[in-house]
Amino acid sequence: MERDLTMAEFKGRDKKSVRILVGSQVLEGELNFTAPALALWERLPVSGQASRWGDELYFYLPWELPIGEQQEVVEPGTLAYWPKGPALCIFWGPTPVSRQGECRAYSPVCPVGRVISDLVVLAGIQDALVCLEAL
């Protein structure tokens, strides 16, 4: 796929499919239509050694992305950019700061997409190499 899409071209596409390799697991995902997601798409592939924090995996990025709308509570399966890292996060359940089982980030994150594969495979992952690539 082209890497030099304008925001209008990016929004006009049906989906921005990504493959997420987590250790030996392969997940499918989609990026959304936000400025940080477009910037991430243009820089794919990206990989890093992920750490687990509750039911969240995160790995540090070698660069910063634009900051979009931020929130602390996200849905299971959310792919999010953490500006304070900068890092990319995958949420699938409660974290140490969650209340009543929600997916809560340590501090505000910018959702950039979602995992569309079954999240149950992430439960057995501790620390792993993660790679995000365009499909």
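The values are calculated or read from the model by the stated rules, or taken from the named source; none is laboratory data. Every value quoted in this text rests on a predicted model; they were computed, and no experiment measured them. In this analysis, Cβ positions are derived from the backbone assuming ideal geometry, glycine residues included, and neighbour counts consider all displayed protein chains.
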Candidate set: the stretch 83-109, residues that are among the charged types (D, E, K, R) and touching a residue at least 12 places away in the same chain (Cβ under 8 Å); chosen: the one farthest from Gly68 (Cα to Cα): Glu102
Those strands (runs of 3 or more DSSP E) lying entirely in the stretch 23-135 with at least 3 residues surrounded by fewer than 22 Cβ atoms within 10 Å (Cβ to Cβ) and at pLDDT 95 or above: 25-31, 46-52, 71-74, 103-115, 128-134
Qualifying residue in the stretch 103-120 (condition: more than 11 Å from the chain's Cα centre (by Cα), closer than 20 Å to Val18 by Cβ and polar (S, T, N, Q)): yes
